[in-house]
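Here is the structure we will look at.
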Amino acid sequence: MGEVARWLVVAGAAGVLAVSWRRALSLRVGPVEERIFRRVNDLPDALHIPVWAVMQSGSLVAVFVVAAVLNRQDEHPRAAV
């Protein structure tokens, strides 16, 4: 990735962070967000363990994805291990 592309990624990420931060500071929750939250929150407690297991496996997969990306981009592949 070239230097300009890296700065564009950084600028884009900073923009998303700034917009998200501003929305969070408004202390308002939109009706769609509230409706989704309530639907998920009202799910049966029996779903807790299966959903938790899926979330944890996603976190574990993320470790290997990041290591693979670092291995591919870095000059020192051992840094990704």
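The values are calculated or read from the model by the stated rules, or taken from the named source; none is laboratory data. Because the structure is a prediction, the values reported are computed rather than measured. For the accessible areas, the whole protein counts, side chains as well, though only heavy atoms, and no ligand, DNA or RNA atoms are used. Shrake-Rupley method; radii C 1.70, N 1.55, O 1.52, S 1.80 Å.
For the stretch 58-65, backbone phi angles converted through the Karplus equation (6.51, -1.76, 1.60; θ = phi - 60°) give residue-by-residue couplings of x, 5, 5, 4, 4, 4, 6, 5 Hz, Gly and Pro being listed as x. Normalised per residue, the accessible area of the stretch 1-46 is 99 Å², obtained with a 1.4 Å probe and no contribution from ligands, DNA or RNA. Set against the 2.2 N^0.38 Å expectation for a compact globular protein, the chain has a Cα radius of gyration ratio of 1.62. Rolling a 1.4 angstrom probe over the chain with all protein chains present gives an accessible area of which 68% lies on carbon and sulfur atoms. Once the Cα atoms are used to define both axes, helix 31-41 deviates from the longest principal axis of the chain by about 80 degrees.
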